Structures are given as structure tokens and as C-alpha cells.
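J.: Would you mind keeping the following structure in view while I ask a few things?
What follows draws every value from the coordinates through simple rules; no lab data is involved. Note that the coordinates shown come from a computational prediction; the quantities given were computed from them, not determined experimentally. Backbone-built Cβ (ideal geometry, glycine too); neighbour counts: all protein chains shown.
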Amino acid sequence: MPDSSATVPVILFGAFDRHNFGDLLFAHVAAALLPGRELIFAGLAGRDLRPHGGHQVAALPALARQWRGRAVDIIHAGGEILDCDIWEAAVMLLPQDEAQQAIAHFGPHLEARQAWAQQMLGLPTLAPYVAPRTLFPQARRVIFNAVGGAGLVQRDAAFRADVTGTLKDADAIGVRDMRTQAMLRQAGIAAQLMPDPAVMAAELFGGEIGRHAAAGETADMRTAFPDGHIAVQCSADFGDEATLRAMALQLDSIAAATGCGIALFRAGAAPWHDDLSCYARLMAHMRSKAVRIFHSLHLWDICALLATSRCYVGSSLHGRIVAMAYALPRVNLLHPGYGGPHVKQAAYAATWDAGLPGCTNVQSLAQVALQAIVTSEDVRRSRAQELVRQYRDGFSRLVET
């Protein structure tokens, strides 16, 4: 950024106002790459995620009032924010019981859901994690850092117009997959392609992650499974019995073939993320006894579990990306009801992980995971190093333009 940048605060905006380990990681990456800058961490709601390794987060509408007449830089920290609608965002910020009540109350009534969410969050927008410049009229620069929107094409015209209108008013845009880049190009918006911030996990935070790997629940998992563990995760929508039975069969096959234990972990605890009861039912369907639930929700514990695994298998994109950062085998699991190139996991793997196993359905999970485990470590390590270089270069271009 220009020479005067050190005196201008940075409002770092993202979905690190709820528990999702990838979003929590974004804030740490940006902070590490912006030494000397005053950082204000902003989400849609004021939250304290420090007990989970995150940050004290302020609500964006309150910050907009506070900073309306003052110079700031706005950096969108990353993530699949371009296709996240205001209803989804609002529900994910509620406690589990209140989220279920809201879903039951509003049902499929789109306009009523949107109106309730806009009132709850205090933002008159359809895409709440895409902050328009009008919120901060004196903003020097508005930047989008390695954001995703692989599903934007599936949104209605009003939603797409909301997003593209804001992006056209931005100063610099980086996107994390070729599908999002192509869609924006069709809308007349130029965006540079760059990896997701989580590729920096090992490079920037290897020491912290290593300390968490040596103690607590991560160390207990390594003691329980001396021949190694497979880090496994799935979101709550995998929780129907037929899918869980099929997953159990596949995980039994992986455990038998590798001699590894199965470590079930949550990548996110916000509504619509991961559910402990789903894991308990999955375990009940498995024949193997070498399976445990990893309970910690601390950012660095989750990263440590991944970093010490033999392979990552799961629906979380950031599970994959942290595994990539540690040059580990990885496979993304797609829900039986979803698929195609508009899925963010597929879009990211196609962009940055070509030639290695990408995504699979439940029925092929064991076959694809075992293929991933025997891929070349040299290839994986070279890719990890190249992604670090590309992210550093991409971030520098965004903030220095």
C-alpha cells in the first residue's frame, strides 16, 4: 500500500465471527502478512472467538458508524463469500436451538427470511460478507483477498447484481479458483487468481501447530493410533442413516488397508457445519474399533490433528488446504445430493491440485483415499511450496497496487 498506509487502520472483514477453522485461520494469515498495521477484526456480529484460537471480532455495522468519516482500508479476508446469502449467514451466527427455530419458522419463504436476516444483521444487502464501499465512504482501498464464489452462477439475478455491483467498485480483487475468475470476467470484472490463505498454515504457524501437536488431545490421538491416523470430517448434511452406513463401510476399508485409526473431527461448529451426534452414529455403524472423536474446537488443535495425519478425508475445503500446506494426501468428500463444478471443493481442486485425487462420492471413498495415500510425497511437497510462493506474490500485489 502507499507510504502513508502504516497510519491508516485496516478493517479485516470475514466470517471469523463464528466457528469455522478455515475462517479463523484467515485472520491470522492476514495479520502475519501485515506487520505494523493497526488491524480491526470485523464480522457480521460482535463475538469473542479467542477461546477457540480466533480473535475478538467487532460487528461491521457498528464499525461502519464509528469509522464513517475516517480513512480506513477494507480487506475481505477470504473464503466462499461471494455466494453466501444473508439468510445463511444469519442462521450460522445463531446458537443451534435458535437456528433450528428460525429454520422451522420461516421455512421456504424467501422474502420473509431475507427481511428477518437483514433486520437481525443490520445490513440492507443480499450478500452480507461482500461489504460495499458505501458503508465506509472515506475508505482508501477496498480489497477482496482470495475470495470464492463457485456457486454464484446458481444465485438469482438480484443476488448476482448485488455482488458484481460491489466488486466493480473495489480497488483490487483476488479469487481462489478459475471458475469464480471466469464468472467475474463474464461480468466485466478483472480478478487475479491466487491460492486460498490457508496454504500458509505450515509456513507461518508451523511452530504453534507443532506445540499443539505435542500436547493435549492431538498427542492423545497419536498415542491411541501409533501407526497413524486418518483425519476424517463431514458436515451435518451427511447425517442420514443410508449415507452414514455407506461411509462406515468405506472407513472400515481404509482402516483395514492402512492400519491407521480414524480420527473424526469438526472443522466447524456453527449451524450447518459439523455435528457430534452425526459422528456418534457413524461410529455405531463401523466394525473397526480404531476410531475416536476428536473433541477440541481450537484452531491450532484442528490444524495439529491434520498436520500429524496420514491423510485427510472430508467435506471441508480447508481440511484439504491445510493438508496441502503440509504436503499430505487429501480427498474431498462430496454430499450425495450435490456435485458438479459449482461445488467449491471441486473448483479449488481443479485449479490448484490437478493430477492428484480431488473429490469423490461416498461409495468411492476408500478407493480414492487409498490412491491419494500412495501419491508422490515429492510432488505434494513441491506443490505446497509453490502455493506458498504464489500466495505471497498474490497478496503483495493486492495490498501494494
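J.: Let me have the relative contact order for segment 125-193, percent, based on Cα pairs under 8 Å that are six or more residues apart.
T.: On the way: 80 pairs, mean separation 24.5, N = 69.
Contact order relative to length: 35 percent.
J.: Calculate, for A214 and H295, the FRET efficiency according to 1/(1 + (r/R0)^6) with r their C-beta to C-beta distance and R0 25 Å; round to the nearest 0.05.
T.: Efficiency computed from Cβ-Cβ geometry: 0.90.
J.: Hey, any idea what Rg/Rh is for the chain, computing Rh the Kirkwood way over Cα pairs?
T.: Value, to two decimals: 0.95.
J.: Can you sort V343, V291 so the residue with the fewest Cβ neighbours within 10 Å comes first?
T.: Taking fewest neighbouring Cβ atoms as first place, the list is V343, V291.
J.: Give me the one-decimal nm value for the distance between modelled label points at Q385 and A62, 7 Å along each residue's Cα-to-Cβ direction.
T.: Simple spin-label model gives 4.6 nm for this pair.
J.: Tell me, what HN-Hα J-couplings in whole Hz come from the Karplus equation 6.51 cos²θ - 1.76 cosθ + 1.60 at θ = phi - 60° for each residue of segment 85-100, using x for Gly and Pro?
T.: My calculation for segment 85-100 gives 8, 5, 5, 4, 4, 5, 5, 5, 8, 8, x, 3, 5, 5, 4, 5 Hz in order.
J.: OK, next. Could you let me know the centre-to-centre spacing of segment 158-182 and segment 241-270, using Cα atoms, in angstrom?
T.: Using only Cα atoms to place each centre, the spacing works out to 36 Å.
J.: Report, by chain and number, residues whose modeled amide H sits under 5 Å from the one on G53, excluding near sequence neighbours (fewer than 5 apart, same chain).
T.: L299
J.: May I pose another question? Run the helix sum for the chain: -39,500 (n - 2.57) per DSSP H stretch of 4+ residues, divided by residue count, reported at 222 nm to the nearest 500 deg cm²/dmol.
T.: About -14000 deg cm²/dmol.
J.: Could you compute the FRET efficiency for A115 and L276, with r as their C-beta to C-beta distance and R0 at 25 Å, rounded to 0.05?
T.: Efficiency, from the Cβ-Cβ distance: 0.15.
J.: Under a plain spin-label model, where a point goes 7 Å from the Cα along Cα-to-Cβ, how far apart in nm are E400 and R50?
T.: 3.4
J.: If you don't mind, there's one more thing I want to ask. With a Förster radius of 51 Å, plug the Cβ-Cβ distance of R245 and Q138 into 1/(1 + (r/R0)^6) and report the FRET value to the nearest 0.05.
T.: Efficiency at R0 = 51 Å is approximately 0.35.
J.: Please state, to two decimals, what the Cα-based radius of gyration of segment 3-193 comes to when divided by 2.2 N^0.38 Å (N = residues).
T.: 1.00
J.: Next up: Which one of G355, G78, G149 has the biggest mean-square fluctuation once the chain is modelled by GNM with Cα springs under 10 Å?
T.: Highest fluctuation among the options: G355.
J.: Report, for the chain, the % of DSSP beta bridges that are antiparallel, rounded to 5.
T.: Here the share of antiparallel DSSP bridges comes out near 10 percent.
J.: What is the Cα centroid distance between segment 19-58 and segment 112-147, reported in whole angstrom?
T.: 18
J.: Taking Cα atoms, how many degrees apart are the long axis of helix 377-400 and the longest axis of the chain, rounded to 10 and kept between 0 and 90?
T.: Roughly 10 degrees between the two axes.
J.: Quick one: of the DSSP bridges fully inside segment 3-193, what percent are antiparallel, nearest 5?
T.: 10
J.: Starting from 0.36 nm per residue, how many nanometres of slack lie between T223 and A104 once their C-alpha separation is accounted for?
T.: Gain on stretching T223 to A104: 38.5 nm.
J.: Using the Cα gyration tensor of segment 200-387, with a ≥ b ≥ c the square roots of its eigenvalues, what is the shape: rounded (a/c below 1.5), prolate (a/b larger than b/c) or oblate (neither)?
T.: Verdict is rounded for segment 200-387.
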